[in-house]
1. Sort the stretch 277-344 into rounded, prolate or oblate with this rule: let a ≥ b ≥ c be the square roots of the eigenvalues of the Cα gyration tensor; rounded if a/c is under 1.5, and if a/c is not under 1.5, prolate when a/b is larger than b/c, oblate otherwise.
2. Could you tell me which of rounded, prolate or oblate describes the stretch 270-399, using a ≥ b ≥ c as the square roots of the eigenvalues of the alpha-carbon gyration tensor, with rounded for a/c under 1.5 and, failing that, prolate when a/b is larger than b/c and oblate otherwise?
3. When we measure straight from the Cα of Lys362, which aspartates and glutamates land under 14 angstrom away, once same-chain ones fewer than 8 places off are left out?
4. What's the FRET efficiency of Arg140 with Arg175 using the Cβ-Cβ distance as r and R₀ = 41 Å, to the nearest 0.05?
5. So if each residue of separation counts as 0.36 nm, and I subtract the Cα-Cα distance between Phe383 and Glu274, what length gain in nm does that give?
6. At 222 nm, what value in deg cm²/dmol follows for the chain if DSSP H runs of at least 4 each add -39500 (n - 2.57) and the sum is divided by all its residues, to the nearest 500?
7. For the chain, just say rounded, prolate or oblate: build the C-alpha gyration tensor, square-root its eigenvalues into a ≥ b ≥ c, call rounded for a/c under 1.5, and beyond that prolate if a/b exceeds b/c, oblate if not.
8. Dipole of the stretch 261-399, Cα-centred, from +1 at each Lys and Arg C-beta and -1 at each Asp and Glu C-beta, to the nearest 20 debye?
Amino acid sequence: MTCAQGGKAPYAADPARSPGRLFPEPPSATRTEFQRDRDRIVHSTAFRRLAHKTQVFVHHEGDHFRTRLTHTIEVAQIARAIAQALRLDDDLAEAVALGHDLGHTPFGHTGEDALDACMSEHGGFDHNSQALRIVTELERRYALFDGLNLTQPTLAGLVKHNGPLIDAAGAPAERWRKRGPPAAILACDRVQPLDLALYGSLEAQAAAIADDIAYNAHDIDDGLRAGLFTLSDIRAAAPFLAGILHEIDELHPGLEAPRAIHELTRRVITRFIEDAIKESRRQIAAAGVDSPEAVGAAGRALVGHSPAIAAADKEIKAFLFAHMYRHPSVVSVRDKADAIVRRLFQAYLDDPSTMPKPWADKAGRGARARAAADYIAGMTDRFAIHEHARIFDGPADLR
């Protein structure tokens, strides 16, 4: 294969050739279109709010645990590293990574699950769909359009980084079989086609696998530092991680725990990234793709892990599920956070005037449930707790 633009591979997305923006804009004199997308995401209000949204631990539990923002930055770094190694457009990979969690609610996946349950009769709630609505509608900063007016490849990457939403016949993909793809995504697709039956770009796939890698590594780190499990627990229940700890013991006998934890997590990240690069190169070559269009039509993801690392990924997730996500202290906080979201939603549904005027006005135009969901989804953890205290005349204790 010959290289494409600027040393990039021929299957890399090309900002000069890719579908553009819904609202045409003059080109930048100094940045590519994907660099502009990345910068608009970084400067958005929704991006700043990620600093105060839960990853696993709520803000009062410590200042050193990951938030949605620090997770997002770690994902972007990993996505960029993978994209560069594969000769992809690393600006697009970074843009998708930086935007992939914009639609998350306060209190992490607990808040999302609670809001989805509240919206069950109103189209449901999904953070990928919400991220799309933020960048196409809810951010209101520019004089000539709502949203950020991102390019089609960035929008498609936000909604398809985990795979197609429909099949070639238009039927929902497996994940959406029960209730169909989110209405907001389908509506956007009608205005600005997102090729929902095709796989996302390799850049979007790099962002997706980077998300998994970051989750595994930083949840091990945070779980150990929080005391939810110990290095001894890992040695006993997670053979892949135990093997890495044995290597660390051999190289650094008697290493103090904080350094051992960091040595463990950095090695996990390195091994997963290096494996993803090697395996993805093999899969890309085997598929014979020679253009971004061929990537979309390949019929499968081409960025992935080898069978051995895929098995390690499952092992780590199973360990974290049992020792961290279902730890009694985490579950207790999640139960309280779930109650806050549900009570706020019902309060806003019953009396939209308790929301700020723009949201109350939106509710008055016949979109009461969606207005309440949008308002809650935009909240930080602390603001949701303060709102609960304001409306229900008392603080919500998450401790």
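1. Working: a/c = 6.34, a/b = 2.10, b/c = 3.01.
Oblate, since a/c reaches 1.5 and b/c is not below a/b.
2. Judged from the Cα gyration tensor, the stretch 270-399 comes out oblate (a/c at least 1.5, b/c at or above a/b).
3. Filter leaves Glu137, Asp351, Asp374.
4. On the way: r = 31 Å, r/R0 = 0.74.
Taking R0 as 41 Å, the efficiency between Arg140 and Arg175 is 0.85.
5. Numbers: separation 109, 0.36 × 109 = 39.24 nm, distance 3.98 nm.
My answer for the length gained is 35.3 nm.
6. Working: 18 runs with 226 residues, N = 399.
Calculated at 222 nm, the ellipticity per residue is -18000 deg cm²/dmol.
7. Verdict is oblate for the chain.
8. Taking the Cα centre of the stretch 261-399 as origin, the dipole is about 80 debye.
The values are calculated or read from the model by the stated rules, or taken from the named source; none is laboratory data. Computed from a predicted model, the values in this text were never measured in an experiment. Backbone-built Cβ (ideal geometry, glycine too); neighbour counts: all protein chains shown. Note: accessible area is taken over every heavy atom of the protein model, side chains too, but ligands, DNA and RNA are not part of it. Shrake-Rupley method; radii C 1.70, N 1.55, O 1.52, S 1.80 Å.
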